[in-house]
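Report on the following structure.
The values are calculated or read from the model by the stated rules, or taken from the named source; none is laboratory data. This structure is a prediction, so every number in the text was calculated from the model and none was measured. Every residue, glycine among them, receives a Cβ derived from its backbone with ideal geometry; neighbour counts consider all protein chains shown.
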Amino acid sequence: MIAQEVLQHELAARLAAMGELGDQAVVAVLREVDLAAYVEGALAFALALDAEQAAGWTASLTRTLFLAGDPGHLAARHRPDHVARGGGAAWFGPGRPDDYQALRLLLRAFEGEAPVPALGEPVRVRVPGADGGPHRRLHLDVDRMSWQEHLVHLNHAVCEAALAGDLPPGATLELTHDPAPEPPWLHARVGTDPRDSERLRLFAALVAVDKEPHHGP
Amino acid sequence: MTAQTLEYWEYLDRTLGPDADYAGWSDLELSAPYVRMHAERAKAPFADLQPYLEAVERDGYVHPASQRLIGIWQEQFARLNLYDPGLAINEPPGMSVEDVVAALAERGLCLDHRRYGGPVYLDATDRGVPLRRAVGADGQANYLICSLRQLLPMVGDYDRILLAYDRELDPDHVLLDHLLTAFGASVTRLSLGRVPLDGSIKSSRHGGWESHTVDALADRALSDFEEEAFWLGLRLYFIAVLTRESPASFSPDVLRKQLQRAVRLIENGTERVDDDAYRAFLKTKRADGGYVDPYRLTVSLNERHKPVPKGNLLDEVFLP
């Protein structure tokens, strides 16, 4: 368990670094959640943004609206900016939330109240854009976390880290569903614990892995 | 079986006891607890409806209050001289909820998010129709799934499916149309407006319609008119005058005029033609789906300037 003081420090540093809040949002449309394809897709989408888009979305705290829908059914009317491998997820934007009014009327907000299962083994993806790079591990603490919450944390963690340069093209990213080790972290998501508003919780942390990851227990 | 029927049954058993005898109850008496349930917001959660749903699925269970209501409706259909399409037939639907979801999924017509703790959606978004929730995360299926359980197995058996429904449910039936069409059905939609009472259209659950029941209308009309004039006059009023849209509020005066008109038609509408000419006439009243449009047919009874075989129509369609 990470000490509350450490989390408070992390949150304060993040708030201090924040500029004026932006008005940009991205829409993610989900038919299914294939974690590897989803993470890869989110990374490809974030890294393909131009500098202005990236800055605007970062200033808007990578706000993302998750909608249930089949990307394959949308192309004729709403062409996604990126589609995940396998077509299970797609991304639109960034833009102002009003820009997606028609899409939001056509689809429904993603609902997923079921708890996220543990992962049998880590999900591994390569950050698109180059052949080799550093090794990173994203710890996502899924204890009592619903799919809905999970996607929010995973999406923010991955996209913010990519936009901040902490997940460079070619890097290997390993996703695990377990609590993070003690700092240092390259990137962290700290917020109020939804089950105990008096406490902070570390939802996700990205760490550098120096050598080949250790397999098995 | 839709949730509101199950809620009604559960409410009756909870408030009146499971052994209440409904055999002598009228439709007004049976409607009072329904209106009360909604006014009190006393609907049970889905978990409390499960035993009823299981009994329906397992044994074709029908609550005694609904059995009584169906009996009353059959009497009212007879009183109106309406064809009974099988109100009392209680056959299980040809497909289960899971059969329907699987058949839809195979054609990319649904989105099943139950594994994430979300709902099943009906998906015709490629046709621009909004995604529609159909089965809740708790397993509760809505009326669209109930319709599909009955209709999907029938698609191959009929030339055409006619969906007749309350205009307020138009978006849902546009969706049903797309889904059934994807399974090879030819679908026609008939959207009907509710007749406003004193300028407003309210759901039956709010009450306020108690003086406009079938029996109330019939008792008033039959005190002054013969049965045949009552049958014909009601059809002239509700079909030809109010049309599909029902733009005007219910009016006892306009209804009375149509009852009087029915009397004159029965006396004077004697124009008859041979079978070939009659068929040729009916062809001119066909709708796009190929069937004779009841609205155009009924309106033709009011035609003054063109020849209409009113005698044939009365004998074969309106007062057989």
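Determine, yes or no, whether B:R304 is basic (K, R), surrounded by 11 or more Cβ atoms within 10 Å (Cβ to Cβ) and out of contact with any Ser or Thr (no Cβ under 6 Å at 6 or more places or on another chain).
no
Report, by residue number, each residue of the stretch A:1-26 that is within 21 Å of the chain's Cα centre (by Cα), farther than 21 Å from A:V142 by Cα, among the hydrophobic types (A, V, I, L, M, F, W, C) and at pLDDT below 90.
A:A12, A:A13, A:L15, A:A17, A:M18, A:L21
Residue-by-condition table, conditions (1) of a type in the set (D, E, K, R); (2) farther than 15 Å from A:A109 by Cα; (3) facing chain A (nearest Cβ under 8 Å); (4) over 23 Å from the mean Cα position of the chain (by Cα):
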{"position": "B:P119", "(1), (2), (3), (4)": "no, no, yes, yes"}
{"position": "B:D126", "(1), (2), (3), (4)": "yes, yes, yes, yes"}
{"position": "B:A137", "(1), (2), (3), (4)": "no, no, yes, yes"}
{"position": "B:A141", "(1), (2), (3), (4)": "no, yes, no, no"}
{"position": "B:L144", "(1), (2), (3), (4)": "no, yes, no, no"}
{"position": "B:S147", "(1), (2), (3), (4)": "no, yes, no, no"}
{"position": "B:L152", "(1), (2), (3), (4)": "no, yes, no, no"}
{"position": "B:D157", "(1), (2), (3), (4)": "yes, yes, no, no"}
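Somewhere in the stretch B:68-88, is a residue touching a Ser or Thr at 6+ places or on another chain (Cβ under 8 Å) and either farther than 27 Å from B:G184 by Cβ or within 14 Å of another protein chain (Cβ to nearest Cβ) (or both)? Quick ask: steps written out before the conclusion?
So the first thing to find is which residues in the stretch B:68-88 are touching a Ser or Thr at 6+ places or on another chain (Cβ under 8 Å), and the list is B:72.
Going one step further and asking which of them are either farther than 27 Å from B:G184 by Cβ or within 14 Å of another protein chain (Cβ to nearest Cβ) (or both), we end up with B:72.
Yes, because at least one residue in the stretch B:68-88 is touching a Ser or Thr at 6+ places or on another chain (Cβ under 8 Å) and either farther than 27 Å from B:G184 by Cβ or within 14 Å of another protein chain (Cβ to nearest Cβ) (or both).
Here is a list of conditions, (1) of a type in the set (D, E, K, R); (2) more than 22 Å from A:G170 (Cα to Cα); (3) surrounded by fewer than 16 Cβ atoms within 10 Å (Cβ to Cβ), and A:D50 meets all of them except one; can you say which number that is?
With respect to (1) of a type in the set (D, E, K, R); (2) more than 22 Å from A:G170 (Cα to Cα); (3) surrounded by fewer than 16 Cβ atoms within 10 Å (Cβ to Cβ), A:D50 is out only on (2).
Output the residue which, of all residues in the stretch B:92-105 that are more than 14 Å from chain A (Cβ to nearest Cβ) and free of Cβ contacts under 8 Å to residues at least 24 places away in the same chain, is nearest to B:W25 (Cα to Cα).
Filtering the stretch B:92-105 for residues that are more than 14 Å from chain A (Cβ to nearest Cβ) and free of Cβ contacts under 8 Å to residues at least 24 places away in the same chain, the one nearest to B:W25 (Cα to Cα) comes out as B:E98.
Which numbered condition trips up B:W209, out of (1) in contact with a Leu (Cβ under 7 Å, 6 or more places away or on another chain); (2) within 14 Å of chain A (Cβ to nearest Cβ); (3) at pLDDT below 95?
(2)
How about the stretch B:20-37: which of its residues are over 23 Å from the mean Cα position of the chain (by Cα) and within 21 Å of B:L53 (Cβ to Cβ)?
Correct list: B:A20, B:Y22.
Would you check if there is a residue in the stretch B:159-166 being at the interface with another protein chain (Cβ under 8 Å from one of its Cβ atoms), on the phi < 0 side of the Ramachandran plot and surrounded by fewer than 18 Cβ atoms within 10 Å (Cβ to Cβ)?
Among the residues of the stretch B:159-166, not one is at the interface with another protein chain (Cβ under 8 Å from one of its Cβ atoms), on the phi < 0 side of the Ramachandran plot and surrounded by fewer than 18 Cβ atoms within 10 Å (Cβ to Cβ), which makes the answer no.
Which residue is farthest from B:Q140 (Cα to Cα), if the candidates are limited to the stretch B:50-69 and must be aliphatic (A, V, I, L, M) and in contact (Cβ under 8 Å) with a residue 12 or more places away in the chain?
Residue satisfying both the conditions and the ranking: B:L69.
Between residues in the stretch A:185-204 that are of a type in the set (V, I, T) and residues that are assigned to a strand (DSSP E or B), which pairs lie under 8 Å by C-beta distance while being six or more apart or on different chains?
Pairs found: A:V190/A:L200; A:V190/A:R201; A:V190/A:L202; A:V190/A:F203; A:T192/A:R199; A:T192/A:L200; A:T192/A:R201.
When you check B:G207 against the structure, is it touching a residue at least 40 places away in the same chain (Cβ under 8 Å) and closer than 23 Å to B:S31 by Cα, yes or no?
yes
For the stretch B:245-286, name all the residues that are surrounded by 15 or more Cβ atoms within 10 Å (Cβ to Cβ), of a type outside the set (S, T, Y) and closer than 17 Å to B:L192 by Cα.
If the condition is that a residue be surrounded by 15 or more Cβ atoms within 10 Å (Cβ to Cβ), of a type outside the set (S, T, Y) and closer than 17 Å to B:L192 by Cα, then B:F250 is the only one that fits.
Given the conditions (1) in contact with a Phe, Trp or Tyr (Cβ under 6 Å, 6 or more places away or on another chain); (2) surrounded by 19 or more Cβ atoms within 10 Å (Cβ to Cβ), report the number of the one that A:D81 does not fulfil.
Answer for A:D81: the failing condition is (2).
Identify, please: which residue in the stretch A:61-118 is within 13 Å of chain B (Cβ to nearest Cβ) and assigned to a strand (DSSP E or B) and is, among those, farthest from A:V158 (Cα to Cα)?
A:R108
Before we move on, is B:A240 among the aliphatic types (A, V, I, L, M), assigned to a loop (DSSP other than H, G, I, E, B) and closer than 23 Å to B:D293 by Cβ? Step through it out loud before you land on a result.
Values: among the aliphatic types (A, V, I, L, M): yes; assigned to a loop (DSSP other than H, G, I, E, B): no; closer than 23 Å to B:D293 by Cβ: yes.
Against the criterion (among the aliphatic types (A, V, I, L, M), assigned to a loop (DSSP other than H, G, I, E, B) and closer than 23 Å to B:D293 by Cβ), B:A240 does not qualify.
Name the residue, out of A:L202, A:L138, that is outside the structural domain of A:T62 (by TED's automatic domain parsing) and at pLDDT 95 or above.
Working: A:L202 fails: at pLDDT 95 or above.
Exactly one of A:L202, A:L138 is outside the structural domain of A:T62 (by TED's automatic domain parsing) and at pLDDT 95 or above, namely A:L138.
State whether one or more residues within the stretch B:183-190 are part of a loop (DSSP other than H, G, I, E, B), under 15 Å from B:P252 (Cα atoms), modelled with pLDDT of 95 or more and not aromatic (F, W, Y).
no
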